[in-house]
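See below for the structure under consideration.
Each reported figure results from applying straightforward, stated rules to the coordinates on display, with no laboratory input. This is a predicted model, so every value here is computed, not measured. Here the Cβ is made from the backbone with ideal geometry for all residues, glycine too, and neighbour counts use every protein chain on show.
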Amino acid sequence: GEQKTVEDFANWLRDLAVTLHENAAYLTELDSAIGDADHGTNMDRGFTAIVAVLDETTFESVDELLKKAGMTLVSKVGGASGPLYGTFFLRFGTALAGKEITPASVGEALKAGIGGILARGKPELGDKTMYDAWAPALEAYDGAVAGGSDLGGALAAAAEAAAKGRDATTPLVARKGRASYLGERSAGHQDPGATSTTLLLESAARTLA
Ligand code: ADP
Ligand code: MG
Ligand code: MG
């Protein structure tokens, strides 16, 4: 498709805010089974704050927009997910500074953002966290780009892989975050963070195609 602009990325954040608002009760219900029943309200609060920033600020560049989104999440969302998603957007934006938006540069930025999640949360694959959606998503994204996909195609592949990773969290015993306090009783429930990560990538695939 066309070269992506700061407006396209702002539209992604707006679409994601709507999606998270619509899914807030669902995400909180998932978190009520293995956490403290706030993941939906956390994400909704954070992205409502991002939309308020978008409404009052004109951003000159994609990296400034994404970094501001990250800082907003860090400051408005407590708990595990605020710092994790906040760091994702901060590093995702930073990696795009001065870069042309291409499938390859967005892939490098995704890798940097996920690196931030790893640095903050120390998740390993199979710990039943959002990383179980992010890791296969990045692998699928890179594979699609290597096969010649455009940005929308690579993001669609990432979203599809994230959904599979999300579904695969259900039987797992949590080893990170609040759900790990439940031990074996965390098995049989889908991870809330892996679910919101899938919504984030599905929204990106819709709006940045
Ligand atoms: P809290 O658990 O503090 O209430 P949320 O409910 O908003 O925060 O987010 C919970 C989600 O955060 C989990 O479902 C999981 O995906 C993710 N998470 C928690 N701890 C970690 C971690 N150490 N690394 C990666 N992701 C984590
Ligand atoms: Mg919670
Ligand atoms: Mg909480």
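Overview of results
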read-out	value
Per-pair calculated FRET efficiency, R0 = 30 Å: GLU60 and LYS164 via Cβ, rounded to 0.05	0.20
Sites TYR26 and ARG175 - FRET efficiency at Förster radius 25 Å, r taken between beta-carbons, to 0.05	0.55
Helix-only mean residue ellipticity at 222 nm for the chain, each DSSP H run of n ≥ 4 adding -39500 (n - 2.57), per residue, nearest 500	-23000 deg cm²/dmol
Rounded Å value of the spacing that divides the Cα centres of the range 156-209 and the range 115-144	10
Unit charges on C-beta of K, R, D, E only; dipole of the range 89-134, Debye	140
Per-pair calculated FRET efficiency, R0 = 35 Å: GLU100 and LEU125 via Cβ, rounded to 0.05	0.65
Rg/Rg_globular for the chain, with Rg_globular taken as 2.2 N^0.38 Å and Rg from C-alpha atoms	0.95
With Cα atoms, 0 to 90° folded angle of helix 39-56 axis to the chain main axis	20
Net dipole in debye of the chain [+1 Lys, Arg Cβ; -1 Asp, Glu Cβ; about Cα centre; nearest 20]	640
Loop GluC sites (Glu not before Pro), the range 1-97 (other Cβ atoms within 10 Å of the site Cβ: 12 or fewer; DSSP)	GLU2, GLU60
Lys pairs, the chain - Cα-Cα below 25 angstrom, 8 or more residues apart or on other chains	26
Relative contact order of the chain, pairs being alpha-carbon contacts under 8 Å that are 6 or more residues apart, as %	23
